[in-house]
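Here the structure comes first, spelled out in structure tokens, and everything after it is commentary.
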Amino acid sequence: MKKKMLFTILIAALALSACSGGGGQAQPAIVRVGWAGSPDTLNPGMAILTEAYTIFELVYDSMYELNLDGSFTLSLAESANVSDDGTVWTFKIRDGLKWHDGQPFTAEDVAWTYNLYKDTPEYPYLNGYYTPYFDTIEATPDNEVVLTLTEAIPNIESQLVFLYILPKHVWESVNKTEYENVEMVGSGPFKMAEYVQNEFVRLTANKDHFSMPPKVDEVIFQTFENQDALVQAIRTGQVDMVTEMPNTAAESLKADENIELVVGAPLAPGVTDIIFNQLDPENCPEGGICSGHPALRDRNIRLAMAHATDKQQLIDVILLGLGNPGLTLIPDGLGVWYNSSLTDYEFDLKKANQILDDAGYADTDGDGIREMPDGSAPLTFRLNWPSDSINAPRMSELLAEMWGAIGISLEPQAVDPDALTAQCCPAFDFDIMIWGWASDPDPSALLYVYTTEAIPTGSSETGYSNPEYDELYTNQQVELDFEARRDIVWQMQKIVFDDVVYIIPFYDANVQAYRTDRFTGWITDQAKVELSDITSLVLIEPVK
Amino acid sequence: MNRTRAVLRKTAWSFFTIVFVVVLNFFLFRVLPGDPARAGIRDPRLNKDAIEVIRVRFGLDKPIINCFDSLNPVKVGNCAVNPLETQFFIYAKNLIQGELGISYHANRPVVDILGERLWNTILLIGVGQILSIILGAAFGVFAAWKARTSLEYTAVGISLVAWSLPTFWLAILLLFWGSTMGLPVAGKATPGMSSLPLLQQWGDIAKHMLLPTLTYTIIYMGEYTLIMRSSLLDVLSEDYILSARAKGLNTVQILRDHALKNAMLPLVTVIAINLGFTVAGVIQIESVFSWPGLGSAIYEAVIRRDFPVLQGAFLLIAITVILANLLADLTYTYLDPRVTVD
């Protein structure tokens, strides 16, 4: 009886919805993308989430394009010239560009936007990180932008790539922080058509774009709060591509003949790290508690733990094989900056035990846990992770097992992320933590985390301090020669790898999928995988 | 006259409860550990200055309350501060002006976010409640009428199962089943439908509503069936039913004119209470089906530690529960003259 009732409702609703189908004309090519997020805001100054940047990349232009191999190409300007001392950049903006609303796009817009980012301290990323070297920015009557820097820097491309150019005629009159920018007048390959936060973003093609006119007519990003629904949606054809999925779904999607799975380094690098508090009490910053276990300051301990960490097992169990073992905070996704010449510490319990024996850490009371050489304290470490981490609980169990085999015991405890931040840095009130970073295409941001300078700011989580490294960090910031800078960056990675500052269990991988029966031309053969990147979305076309 | 005064008194009590909730709600989110300005943002590109700018923007640099020397012997708060510049005063002032602050995450007014979401939830809960009340009450009457037959046992059995099903589990099962039937698994409408005729848009929304509403209805129908059945069985054993039967009235007349109105009372209580508690169930349903309502807003806000949104949502829910209870109190007197308002 009850079943029949429900069935009747179902039929009624289906009948109601049946009249919503139809439409006879030539179907526009609409790409439906499913993702688990939504932009936090469309105001480029206030945005923090990757999803917002994905949309900016499609709707706005910037001076440079970031390619999937990690390189940059000049986009808005025909040419870029730099003065001999490296401080004055002159960009000749292409002529005849137009905003989506038909207004002309000129060097004046570019200069105005750069000045806006430079002079608005409320823009957390842009102002703090990308514009500190800007001195003056001016537009010339020849449609040129002259950018004068306070000092020569080696990475002007990565400093400018996320500074999307805004239309002066729209932005001049709005409140720069409160403006929600829902209309989003841009100049890029796609135009904003409709936006409902946490529901969808609908973009239409700008077929007149100067360098990348899309072949499809529309792209729709739909938000799925539930990743199982996302998987089900691509399986049943409700979406044509998904930008993420639970790793557990990968195997079954691979088996679907109409779905192609792609795995690779993400566009925005992500790292999962095991953090050792090795802060020298002499460096304890103001307000610090600095309660780290003294043993962790000894490289031998960290080296032994590195040898006792079976990264492949961690990847197989936690990520179901979808990830790469890591070396330092600089992930493989950073392309040329990643030091691929380093060889990881092999998983070897015998060797690990040997190192500890030689260093004098013996188990004197026979409880299976080694003590400090002076017998003062057992090698028992607190292990914390943010309670919202999905992977960390499993990792902590595996680590307890692996390190237990060399006489090191752990006290695992999940901690509220806020509380963990307070405990972490610059308080240094912990022994070991599992956490992670997300960052920038330029290696500087992540390299900074290892510096002595970062200890009081809260960016350094290990308390690592090495004058040689600090000097190299400064050098790479001013080294203008690309090859020379890369060599320094590689050398820095070698230093922190040899010092076992962190154990990096794995680099996060992007696991995405697209339907092969809908669109073709997705870029999948690059170092990084991002199907929602502009480079892919302007290339794809409907399957005939 | 007496009745009017009683109603006024009840309303006044509800108002005080709401004021209490407003105060509690403020402190609830301020005693949580850590710094909301830093939570969820872990990027070496964010330097100290940038974090400070965020804190200033959301007023987090200001003291929570100032200290009232006489009222608070432990000296909580900062005594040197002008009370007009405390977070609590600003919160109270904004609230009176109908503002709930700015979302940490979305950089827009909380009122706008909740306003958008509220109607979607009302739509979902409204249709779901109406369906489950009608179906639940009908099954309940049916079960009581067929008491001590195998039909009753089946109805009770199914209802018990439906009532005890975990909401998210049923939702996921229906999602998988529905997706193979071609039903949409996420959202309120197909993106890009807004240019179509209204009727087609409604059809599209109905299609999207089907699975979440079905989940909702199944979960609540069981409960209403059980309550209706037991309450009706109680009433049917009363003497006046026996005398009605002796007067020669038929079953329909007895049920309609003598039994049902009395048997409705417990159901009304449960419905009123449920209106508040359903938000909990709706969080699960909405987040499984990505239904853009209040429940999924709460879910996202919890994940992102968006305290202003949570604070606003909690306030809204508290007010709803209090008003629903007030309404139930007042409805009682109408349904059963024996119940007086005081």
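The values are calculated or read from the model by the stated rules, or taken from the named source; none is laboratory data. Here the structure is a predicted model, which means the values were calculated and not measured. Cβ atoms come from the backbone with ideal geometry, glycine included; neighbour counts cover every protein chain shown.
Has region A:364-371 got at least one residue that is crowded, with 18+ Cβ neighbours inside 10 Å and more than 14 Å from chain B (Cβ to nearest Cβ)?
Of all residues in region A:364-371, those crowded, with 18+ Cβ neighbours inside 10 Å come to A:370-371.
Okay, now just the ones that are also more than 14 Å from chain B (Cβ to nearest Cβ), so A:370-371.
Checked against the condition, which is being crowded, with 18+ Cβ neighbours inside 10 Å and more than 14 Å from chain B (Cβ to nearest Cβ), region A:364-371 yields at least one hit.
Is one or more of the residues making up region A:422-431 under 19 Å from the mean Cα position of the chain (by Cα) and not acidic (Asp, Glu)?
Pass one, region A:422-431, residues under 19 Å from the mean Cα position of the chain (by Cα): none.
No, there is no match, as no residue in region A:422-431 is under 19 Å from the mean Cα position of the chain (by Cα) and not acidic (Asp, Glu).
Which one is surrounded by the fewest Cβ atoms within 10 Å (Cβ to Cβ), of the residues in region B:228-266 that are in a loop (DSSP other than H, G, I, E, B) and of a type in the set (Gly, Ala, Ser)?
First, the residues of region B:228-266 that are in a loop (DSSP other than H, G, I, E, B): B:237-238, B:247-250.
Still in the running and of a type in the set (Gly, Ala, Ser): B:237, B:248.
Working: B:237: 9, B:248: 7.
In this case the residue turns out to be B:248.
Every residue, every condition in (1) among the acidic types (Asp, Glu); (2) without any contact (Cβ under 8 Å) to a residue 60 or more places away in the chain; (3) under 30 Å from residue A:309 (Cα atoms), yes or no:
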site: A:201; (1), (2), (3): no, no, no
site: A:208; (1), (2), (3): yes, no, no
site: A:221; (1), (2), (3): no, no, no
site: A:232; (1), (2), (3): no, yes, no
site: A:249; (1), (2), (3): no, yes, yes
site: A:261; (1), (2), (3): no, no, yes
site: A:267; (1), (2), (3): no, no, yes
site: A:272; (1), (2), (3): no, no, yes
site: A:276; (1), (2), (3): no, no, yes
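Only one of A:113, A:41 is buried (at least 20 other Cβ atoms within 10 Å of the Cβ) and at pLDDT below 95; which? Before the answer, list the steps.
Details: A:113 fails: at pLDDT below 95.
When all the criteria are applied, what remains is A:41.
If the requirement is being of a type in the set (Gly, Ala, Ser) and farther than 28 Å from residue A:238 by Cα, which of these qualifies: B:179, B:164?
On the way: B:179 fails: farther than 28 Å from residue A:238 by Cα.
When all the criteria are applied, what remains is B:164.
Among residues belonging to region B:113-128 that are touching a helix residue (DSSP H, G or I) at 6+ places or on another chain (Cβ under 7 Å) and under 16 Å from residue B:283 (Cβ atoms), point out the one that is farthest from the other protein chains (Cβ to nearest Cβ). Can you show your working first?
If we filter region B:113-128 for residues that are touching a helix residue (DSSP H, G or I) at 6+ places or on another chain (Cβ under 7 Å), which is where we start, we get B:113-114, B:117-118, B:121, B:124-125, B:127-128.
Checking which are under 16 Å from residue B:283 (Cβ atoms) leaves us with B:113-114, B:117-118, B:121, B:124-125, B:128.
On the way: B:113: 8, B:114: 12, B:117: 9, B:118: 14, B:121: 13, B:124: 14, B:125: 17, B:128: 12 Å.
Per the stated criteria, the residue is B:125.
Could you list, in sequence order, all residues of region A:121-166 that are over 23 Å from residue A:445 (Cα atoms), acidic (Asp, Glu) and crowded, with 18+ Cβ neighbours inside 10 Å?
A:144
Taking region A:26-57, which residues are in the same structural domain as residue A:526 (by TED's automatic domain parsing) and part of a helix (DSSP H, G or I)?
Result: no residue meets the conditions.
Taking region A:379-392 as the region of interest, how many residues are modelled with pLDDT of 95 or more and away from chain B (no Cβ under 14 Å)?
Summing the residues that are modelled with pLDDT of 95 or more and away from chain B (no Cβ under 14 Å) in region A:379-392 gives 5.
Within region A:71-98, count every residue that is surrounded by fewer than 21 Cβ atoms within 10 Å (Cβ to Cβ) and assigned to a loop (DSSP other than H, G, I, E, B).
Residues flagged as surrounded by fewer than 21 Cβ atoms within 10 Å (Cβ to Cβ) and assigned to a loop (DSSP other than H, G, I, E, B) within region A:71-98 amount to 11.
Please go through region A:197-210 and pick out each residue that is within 13 Å of chain B (Cβ to nearest Cβ) and assigned to a strand (DSSP E or B). Walk me through how you get there before you give the answer.
Within region A:197-210, the first condition is being within 13 Å of chain B (Cβ to nearest Cβ), and the residues that meet it are A:197-204.
Matches in region A:197-210: A:200, A:201, A:202, A:203, A:204.
Of all residues in region B:164-220, which are among the hydroxyl-bearing types (Ser, Thr, Tyr), facing another protein chain (nearest Cβ under 7 Å) and in contact (Cβ under 8 Å) with a residue 40 or more places away in the chain?
none
Filter region B:284-306 for residues that are within 9 Å of another protein chain (Cβ to nearest Cβ), farther than 19 Å from residue B:183 by Cα and not in a helix (DSSP H, G or I) and give the result.
Residues of region B:284-306 within 9 Å of another protein chain (Cβ to nearest Cβ): B:286-292, B:296-297, B:299-300, B:303-305.
Applying the additional criterion that residues be farther than 19 Å from residue B:183 by Cα yields B:296-297, B:299-300, B:303-305.
Once the filter is applied, which keeps residues that are within 9 Å of another protein chain (Cβ to nearest Cβ), farther than 19 Å from residue B:183 by Cα and not in a helix (DSSP H, G or I), region B:284-306 yields only B:305.
Is it the case, given these coordinates, that residue A:399 is more than 14 Å from chain B (Cβ to nearest Cβ), in contact with a Phe, Trp or Tyr (Cβ under 7 Å, 6 or more places away or on another chain) and modelled with pLDDT of 95 or more? It would help to see each step written out before you state the result.
Numbers: more than 14 Å from chain B (Cβ to nearest Cβ): yes; in contact with a Phe, Trp or Tyr (Cβ under 7 Å, 6 or more places away or on another chain): no; modelled with pLDDT of 95 or more: yes.
No, not satisfied.
Which condition number does residue B:179 fail, the rest of (1) within 29 Å of residue B:268 (Cα to Cα); (2) hydroxyl-bearing (Ser, Thr, Tyr); (3) surrounded by 19 or more Cβ atoms within 10 Å (Cβ to Cβ) being met?
Unmet for residue B:179, out of (1) within 29 Å of residue B:268 (Cα to Cα); (2) hydroxyl-bearing (Ser, Thr, Tyr); (3) surrounded by 19 or more Cβ atoms within 10 Å (Cβ to Cβ): (1).
Would you say residue A:435 is in contact (Cβ under 8 Å) with a residue 24 or more places away in the chain, assigned to a strand (DSSP E or B), among the aromatic types (Phe, Trp, Tyr) and not assigned by TED's automatic domain parsing to the domain that holds residue A:159?
Details: in contact (Cβ under 8 Å) with a residue 24 or more places away in the chain: yes; assigned to a strand (DSSP E or B): yes; among the aromatic types (Phe, Trp, Tyr): yes; not assigned by TED's automatic domain parsing to the domain that holds residue A:159: yes.
Against the criterion (in contact (Cβ under 8 Å) with a residue 24 or more places away in the chain, assigned to a strand (DSSP E or B), among the aromatic types (Phe, Trp, Tyr) and not assigned by TED's automatic domain parsing to the domain that holds residue A:159), residue A:435 qualifies.
Name every residue in region A:399-413 that is in contact with a helix residue (DSSP H, G or I) (Cβ under 7 Å, 6 or more places away or on another chain) and surrounded by fewer than 18 Cβ atoms within 10 Å (Cβ to Cβ), in order of residue number.
Passing the criteria: only A:405.
When the residues of region A:432-457 are filtered to those that are hydroxyl-bearing (Ser, Thr, Tyr) and within 11 Å of chain B (Cβ to nearest Cβ), which remaining residue is nearest to the chain's Cα centre (by Cα)? Quick ask: steps written out before the conclusion?
If we filter region A:432-457 for residues that are hydroxyl-bearing (Ser, Thr, Tyr), which is where we start, we get A:439, A:444, A:448, A:450-452, A:457.
Filter once more, keeping what is within 11 Å of chain B (Cβ to nearest Cβ): A:439, A:444, A:448, A:450-451, A:457.
Numbers: A:439: 5, A:444: 14, A:448: 16, A:450: 18, A:451: 21, A:457: 21 Å.
Among those that are hydroxyl-bearing (Ser, Thr, Tyr) and within 11 Å of chain B (Cβ to nearest Cβ), it is A:439.
Output the number of the condition that residue A:397 fails; it satisfies all remaining conditions of (1) in a loop (DSSP other than H, G, I, E, B); (2) more than 24 Å from the chain's Cα centre (by Cα); (3) among the charged types (D, E, K, R).
Among (1) in a loop (DSSP other than H, G, I, E, B); (2) more than 24 Å from the chain's Cα centre (by Cα); (3) among the charged types (D, E, K, R), the lone unmet condition for residue A:397 is (1).
Conditions: (1) under 30 Å from residue A:225 (Cβ atoms); (2) part of a helix (DSSP H, G or I); (3) more than 12 Å from the chain's Cα centre (by Cα); (4) of a type in the set (Ser, Thr, Tyr). Residue B:269 meets all but one. Number of the miss?
Looking at each condition in turn, residue B:269 falls short on (1).
If you go through region B:221-234 one residue at a time, how many are facing another protein chain (nearest Cβ under 10 Å) and among the charged types (D, E, K, R)? So that I can check it myself, show each step before the final result.
Kept after step one, since they are facing another protein chain (nearest Cβ under 10 Å), are these residues of region B:221-234: B:221-222, B:225.
Now drop any that are not among the charged types (D, E, K, R), which leaves none.
Matching residues across region B:221-234 total 0.
Here are some residues: A:196, A:219, A:242. Which one is closer than 21 Å to residue A:54 by Cα, surrounded by fewer than 21 Cβ atoms within 10 Å (Cβ to Cβ) and in contact with a helix residue (DSSP H, G or I) (Cβ under 9 Å, 6 or more places away or on another chain)?
On the way: A:219 fails: surrounded by fewer than 21 Cβ atoms within 10 Å (Cβ to Cβ); A:242 fails: surrounded by fewer than 21 Cβ atoms within 10 Å (Cβ to Cβ).
Testing whether each residue is closer than 21 Å to residue A:54 by Cα, surrounded by fewer than 21 Cβ atoms within 10 Å (Cβ to Cβ) and in contact with a helix residue (DSSP H, G or I) (Cβ under 9 Å, 6 or more places away or on another chain) leaves just A:196.
With respect to residue A:66, is the statement that it is modelled with pLDDT of 95 or more and buried (at least 18 other Cβ atoms within 10 Å of the Cβ) true?
On the way: modelled with pLDDT of 95 or more: no; buried (at least 18 other Cβ atoms within 10 Å of the Cβ): yes.
Judged against the criteria, residue A:66 is not a match.
Of all the residues that make up region A:218-264, how many are within 11 Å of chain B (Cβ to nearest Cβ) and in a loop (DSSP other than H, G, I, E, B)? First the steps, then the outcome.
Of the residues in region A:218-264, the ones within 11 Å of chain B (Cβ to nearest Cβ) are A:218-239.
Then drop every residue that is not in a loop (DSSP other than H, G, I, E, B), which leaves A:224-226, A:236-239.
Selection size over region A:218-264: 7.
Can you list residue pairs whose Cβ atoms sit under 6 Å apart, with the first residue in region A:342-365 being at negative phi and the second being surrounded by 15 or more Cβ atoms within 10 Å (Cβ to Cβ) and of a type in the set (Gly, Ala, Ser)? Count only pairs 6 or more apart in sequence or on different chains.
Pairs found: A:345/A:306; A:349/A:308; A:352/A:304; A:352/A:308; A:355/A:304; A:356/A:304; A:363/A:407.
Could you figure out which of (1) in contact with a Lys or Arg (Cβ under 8 Å, 6 or more places away or on another chain); (2) more than 9 Å from chain A (Cβ to nearest Cβ) isn't true of residue B:102?
The one condition residue B:102 does not meet is (2).
Which condition from (1) in a helix (DSSP H, G or I); (2) crowded, with 19+ Cβ neighbours inside 10 Å is the one that residue A:440 breaks?
So residue A:440 meets the others, but not (1).
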